[in-house]
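Read-outs: derived from the displayed coordinates by stated rules, not from any lab. None of the values given here were measured: they were computed from a predicted structure. Neighbour counts are summed over all protein chains in view; Cβ atoms, including those assigned to glycine, are modelled from backbone coordinates with ideal geometry.
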Amino acid sequence: PGRPQGGQGGVRPDELPKTASDNPFFFKIKAVDTSGNESGFSNVVKVKLPDVTPPIAPVFKTFQVKEGMIELSWYPNTESDVAGYRLYRTKAGDESDKQVKLNKALIAKDERSFTDEGLVAGQKYIYELEAVDTSKNVSLPSRPLVASTFDKTPPPAPEGLRAAPLKDGKGIMLTWKMPKAKDLKGVVLYRATKENGTFYPITGLIKQKSHVDAKVRKAREYYYRLAAFDGSNNKSDYSRPVKVTLKAQ
């Protein structure tokens, strides 16, 4: 900087270079009288400007899904002053779910992955990552990463299956209790004509608690059973079979 011109002089912070190599700055001054005579230098003063520049937003690399857990990885930030990372999670499709910070302390700058455990099977999650530097400047969030956990747990088997001929003899009424499962998609009804015969599906996936089988013949025996399916297409055990006989008349 040039020599101050008359009275009090100085250098404003916005007149200083902003590159990291120019920080900190060292200053010393001389006194000059009206005849142009200069004094010796003062002591040296060191000035370091605060770091207000955040790191760039991190970038996720990939993820791996296992039952009940998701392993995330990311590319390392290249800034020399990165201190670590913060990882956040929300449930997709749940507006009432608040964003949760997964790490109490910063994830170390040398770490490249994090395993999120204890997750709900079949749930979709959204992750965001932030970088934090040694001056506690926080980057913008990464682009969201969306991942779903595997669901290999079948729903409970349906219960309470009952079968009875209609009064006119032109069909069989079947009723049952739907199993309790949050991700239940429905049930499929199966029929056989022999106790140890092959059961064939006679409905698609249905959500009601009853069905009339009208494709039956008089003087025949029929056997029925149910299976439940969830949103991940896991199939339950079969219900206990029931037998019903249509009279000849």
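With charges set only on the Cβ (+1 for Lys and Arg, -1 for Asp and Glu), what does the dipole of the stretch 159-245 come to about its Cα centre, in debye to the nearest 20?
The calculated dipole for the stretch 159-245 is roughly 240 debye.
Given points 7 Å out from each Cα along the Cα-Cβ axis, report the ARG240 to TYR200 separation in nanometres with one decimal.
2.8 nm
Report relative contact order for the chain in percent, whole number only (criteria: Cα-Cα under 8 Å, sequence separation at least 6).
RCO, the chain: 15 percent.
Please give the FRET efficiency for GLU38 paired with LYS101, using the beta carbon to beta carbon distance and R0 = 41 Å, rounded to the nearest 0.05.
0.10
Which of the residue pairs LYS185/LYS243; LYS104/LYS124; LYS124/LYS152; LYS209/LYS243 have a Cα-Cα distance greater than 20 Å in the structure shown?
Result: LYS185/LYS243; LYS104/LYS124 exceed 20 Å.
Testing the spin-label approximation: label points 7 Å from Cα along Cα→Cβ at ASP51 and THR193. State their distance in nm.
Result: 8.1 nm between the two label points.
Calculate the FRET efficiency for ARG162 and ALA214 from the Cβ-Cβ distance with a Förster distance of 22 Å, rounded to the nearest 0.05.
Result of the calculation: an efficiency of 0.80.
Rank the residues VAL242, VAL120 as a footprinting-exposure proxy: fewest other Cβ atoms within 10 Å of their Cβ go first.
Listing VAL242, VAL120 from fewest to most nearby Cβ atoms yields VAL120, VAL242.
Pull up the cross-link candidates among the aspartates and glutamates for LYS182, meaning alpha carbon to alpha carbon under 14 Å and not fewer than 8 places away within one chain.
LYS182 reaches ASP151, ASP230.
Tell me which aspartates and glutamates have Cα within less than 14 Å of LYS46's Cα, excluding those fewer than 8 residues away on the same chain?
Excluding near neighbours in sequence, the set is ASP22.
When the label point is put 7 Å from the Cα of LYS207 along its Cα-to-beta-carbon vector, which residues of the stretch 176-199 have a backbone N closer than 18 Å?
Once the point is set 7 Å along Cα→Cβ of LYS207, 176-189 turn out to lie under 18 Å by backbone N, inside the stretch 176-199.
In debye, nearest 20, what is the charge dipole magnitude of the stretch 59-148 about its Cα centre with +1 on Lys and Arg Cβ and -1 on Asp and Glu Cβ, if you could check?
60 debye
For LYS177 and GLU221, what does the FRET efficiency come to when R0 = 30 Å and r is the distance between their Cβ atoms, rounded to the nearest 0.05?
It comes out at approximately 0.80.
Towards the positive end of the charge dipole of the chain, with charges on Cβ (+1 Lys, Arg; -1 Asp, Glu), say which of ASN37, LEU189, SER148 has the farthest Cα.
Of the options given, the answer is LEU189.
Here is the link list: LYS98/LYS207; LYS180/LYS247; LYS101/LYS235; LYS177/LYS247; LYS98/LYS235; LYS167/LYS218. Which ones come out longer than 24 Å on Cα distance?
Flagged as over cut-off: LYS98/LYS207; LYS180/LYS247; LYS101/LYS235; LYS177/LYS247; LYS98/LYS235.
Can you find, among ALA131, VAL242, LEU87, the residue farthest towards the positive end of the dipole of the chain? Put +1 on the C-beta of Lys and Arg, -1 on that of Asp and Glu.
Towards the positive end, the residue furthest out is VAL242.
About the Cα centre of the chain, what is the dipole size in debye to 20, counting +1 per Lys and Arg Cβ and -1 per Asp and Glu Cβ, all else neutral?
2260 debye
For percent of Cα pairs over 30 Å apart, several values are listed as [x] 52; [y] 41; [z] 60; flag the one computed from this structure.
Only one listed value fits the structure, namely [z].
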